[in-house]
Every structure is written in structure tokens, then in C-alpha cells.
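Structure, as C-alpha cells:
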């Protein structure tokens, strides 16, 4: 006996779905016809563990845009009166990739079997963020699933825009750095060797910068394999360093303390945390759970440590503003607003306002950093190329004067 999943319409025209046991697909179809069901889809039910294995449980199983599309479409369908099971079945057929379709298919099958949507999504923590699962659970408890799903779609869109902005801000300096490195290597390995022949034929004494460049050029051209191997080793060490706990902690410390970009990462950590806290509190999630989820979505060790400390101290009866006041990561005016919101019972509204303000500050910090980095990179790139040009031209001018005299 095999198990088949079906979607069908009953005598009233309503869409129903479920599982049926039969020896063959034809026999399953006959059973459904005997129940006065008009079958629209019939297929062999897949083992959830097999689906999960194919979907991939390690790494990020779905892109941010795919997950954002999923919640946006699901909220529209639920608001339109489509049952959750039918909406999931429809989305499983229209997913943008096989991997994500398999995930949605497994979620739909779990929902058909009677599991809550939050539990079905919770089996894929790499695909669906913890905050989205908590919001779905609150929507199930309050009966406002359509509004909650739309809220999740807005939250994911916000996260996507935040990440896109910071990547855009970092792209220009990285491009300029790589361009200056490529130009320098080209000058040292292609242009400078041609000048070396001229300098050696003259037999004149060369200035220190020119001798330095000539030695560097000879080293690059004759031992380039060692340079490549060294670059690979440094890259591997860097990747290993980032994966280790102490490496991530040092990297996060640099983000919060490096000149120019420290303001960007501070405002990013604040805006992301305030947005999650505000959304979850307004959805009715308990504060302790809210702080635990906020800790999970924080992408900086020191902000995770902060929300861990806040959660522990709240469990011991303190107000949320007390541990925040002792932290240098949250500005004092923000803490005062949180304190007033806590006392007035408007904590969710206060965090919503703080999230909007921190987002504006984040946008300004990115703009300031970009405006500062642009001329700085031009100066660095011009200085490198200018130094090479001067080191090449000075011996030529010297030799010309010697010949003229």
C-alpha cells in the first residue's frame, strides 16, 4: 500500500485536500470518486525526511527574496479566503527553485497532517528566520494569520533592504581597492621590467625608490608562484579565523570600533533589534521570548551578549530599561524612551518609533561613510600610482641631463 496526496472539490465546490492509502494511483482516484470528490491533483505522498534531505537542512536553504515572496503570496491568499493548506499547495507548485519548492511541499504536507504552520516552518530554521516563526505562532493564537503574514513579508523586505544598503556601501571601496591592486601589479610586472633594461644599460646610480620597485618587480615576476601560494594561505587563514569563535568576536569588535564604519554597524544592530522587538511585542509574544529571538537575529557578538544579559536580568525581576542603561551599545536617549514606554505599557509602540529613528540614522551613517571613503580611496590609489610613476621618471630625467651635459 502506498500513500497519495490529493486536492479535490467536494459537492459544495469547496477545495479539500488530504491523504489516501491505495495500491495504485488509479485505485486512489476511484476511492476519491466514490467519496463524491472531483480530483484536481493526485500524486504520491513523499516522505518528509526525504524532502528535507533534498531541500538541504544545512546552510541557507532558501534565498531571502524567495522567503519574502512566500510570505507575501501566502498573506494575500489567506486574506482572500483560501484555506492555508490550499495556499501552501499552490505555492509549492509555483516556487522559483526546486529546493524551495521541496521545502514548501514538505510544509504543506505537515499542515495537511494537522501540524500548526509555525511547527512546520520551524523544521527549516535556516530558511525561515526565528522572528517569522514566532510571529506565525502569535497569528495562530490570535486568529489574525493574514495580517501577521503581511507583517512578516514587510519585516523580511526591511531586512533585505538593510543588507542591500550595506553591501552597496562596501562595494565601492572594495572595488577601488581591487582596482588599485590590479593596476599596481600590472605596472610592476609589465611596465617596470621594460624600464629596468634602460636603467641597466645606462649604468647610472638609481635612487632608493627606483631600486625598491626594481627588486619588488623582480621578486613578483620570478617568484609569482610563491606570491600566489601566500595569497591562498592568507585567504585560508582568514576564513578559518572567521569561523572560530574568537575570530568572530574580534571581527565584530572591529566592526563596532573601526573609524568611519563603526556608526553604520552600531545603527544597523540597533535598528534590526528594535524592529524585531517592536513587531513581536505588538503581536503579543511574551517579552522573554522576544528577547531570546532578538538575540538569535543579532549578527554581532556584542549585541547578542547584550540581549542575553537583558533577558537574564528581566527573569530576575528587573525592567528592560535597567540593563540597557548599563550598556554602551544603546544611547541614553533611547533608554529613556524605553523606560517611559515600559512604565506606560506602550513598549511595542516605543520600539517601533526607535526602529524608524535608528533606520534613518543608519541611512545617514551609510551616506556619510560613502562620502568619506570615496575621496580617501582616490587619494590612496593616486598615491600608489604616483609613487610608481615618480620612481620611474626620476632616473630618466637624470640620465637625460647627463647625456645633455
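The values are calculated or read from the model by the stated rules, or taken from the named source; none is laboratory data. The model shown is predicted, which means the values in this text are computed figures rather than measured ones. Virtual Cβ from ideal backbone geometry, glycine too; neighbours counted across all protein chains shown.
Values for this structure:
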{"quantity": "Residue in segment 248-255 that is assigned to a helix (DSSP H, G or I), modelled with pLDDT of 85 or more and crowded, with 18+ Cβ neighbours inside 10 Å present", "calculated": "yes"}
{"quantity": "Wholly within segment 285-389, helices (runs of 4 or more DSSP H) carrying at least 3 residues that are modelled with pLDDT of 85 or more and under 24 Å from the mean Cα position of the chain (by Cα)", "calculated": "287-297, 301-315"}
{"quantity": "Some residue of segment 361-383 being more than 30 Å from residue 169 (Cα to Cα) and assigned by TED's automatic domain parsing to the domain that holds residue 253", "calculated": "no"}
{"quantity": "Selection count where residues are under 21 Å from residue 331 (Cα atoms) and surrounded by fewer than 23 Cβ atoms within 10 Å (Cβ to Cβ), scope segment 293-309", "calculated": "11"}
{"quantity": "Residue 238 being assigned by TED's automatic domain parsing to the domain that holds residue 389, modelled with pLDDT under 90, under 25 Å from residue 380 (Cβ atoms) and crowded, with 17+ Cβ neighbours inside 10 Å", "calculated": "no"}
{"quantity": "Spans of helices (runs of 4 or more DSSP H) in segment 90-203 with at least 3 residues under 28 Å from the mean Cα position of the chain (by Cα) and at pLDDT 80 or above", "calculated": "98-112, 117-122, 130-142, 145-186"}
{"quantity": "In segment 262-292, the residues that are surrounded by fewer than 22 Cβ atoms within 10 Å (Cβ to Cβ) and more than 19 Å from residue 351 (Cα to Cα)", "calculated": "262, 263"}
